[in-house]
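J.: Before I ask anything, here is the structure I am working with.
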Amino acid sequence: VQLQASGGGLVQAGGSLRLSCAASGSFLRVNSMAWYRQPPGKERELLGTHIDGYTHYADSVKGRFTISGTTNTLWLQMNSLNAEDTAVYYCNADVSGAWGTFVYWGQGTLVTVSS
């Protein structure tokens, strides 16, 4: 199973960015997907989890970030970005296959917000 995250880059404060994450490979079912981020020098934090068509958001991003997805793809729409949103953004997926159920991580995509 591979997770490919993309869409990161440099954006000015107040701007928007849309990240995507696609799961590929041989598996039976993607049970849930989620977005995390890790700001420089800080711990990784959960932004939101998408499961059964619903998204559960962390309080820190409610109203500015929107997570949506299909069966194997997850998007993160980020609006009104500020310098504190600078981070490496990761997606993960809880995936079931013939081998069992495991959590997989994407490689991360860097978002830099310039003030």
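J.: Compute the length gained on full extension between residue 66 and residue 16: take 0.36 nm times their separation in residues and subtract their Cα-Cα distance, giving the result in nm to one decimal.
T.: The residue 66-residue 16 span can extend by a further 16.9 nm.
J.: If each of residue 56 and residue 26 carries a label point 7 Å out from its Cα toward its Cβ, how far apart are those two points in nm?
T.: 3.3
J.: How big is D for the chain, in µm² s⁻¹ as a whole number, if Stokes-Einstein is applied with the Kirkwood radius of its Cα pairs at 20 °C and 1.002 mPa s?
T.: 151
J.: Just subtract the alpha-carbon distance of residue 84 and residue 103 from 0.36 nm times their residue separation and send over the number in nm, one decimal.
T.: Fully extending the segment from residue 84 to residue 103 adds 4.1 nm.
J.: Just to be sure I understand the model, the point goes 7 Å from the Cα along the line to the Cβ. What's the resulting residue 112 to residue 1 distance in nm?
T.: Here the answer is 3.2 nm between the modelled labels.
J.: For the chain, with all protein chains present and a 1.4 Å probe, just round the carbon and sulfur fraction of the accessible area to a whole percent.
T.: So the carbon and sulfur contribution to the accessible surface is 50 percent.
J.: With a 1.4 Å probe and all protein chains left in place, how much accessible area per residue does the chain have, in Å²?
T.: Using a 1.4 Å probe on heavy atoms only, each residue of the chain averages 53 Å².
J.: Please give me, ordered by residue number, the GluC sites (Glu not before Pro) of the range 1-86 that lie in loop per DSSP and have at most 16 other Cβ atoms within 10 Å.
T.: 43
J.: Show the residues, 5+ positions off or on another chain, whose built amide H is closer than 5 Å to the amide H of residue 48.
T.: Amide H neighbours of residue 48: 35, 58.
The values are calculated or read from the model by the stated rules, or taken from the named source; none is laboratory data. Note that the structure is a prediction, hence the values are computed from the model and not measured. In this analysis, Cβ positions are derived from the backbone assuming ideal geometry, glycine residues included, and neighbour counts consider all displayed protein chains. For the accessible areas, the whole protein counts, side chains as well, though only heavy atoms, and no ligand, DNA or RNA atoms are used. Shrake-Rupley method; radii C 1.70, N 1.55, O 1.52, S 1.80 Å.
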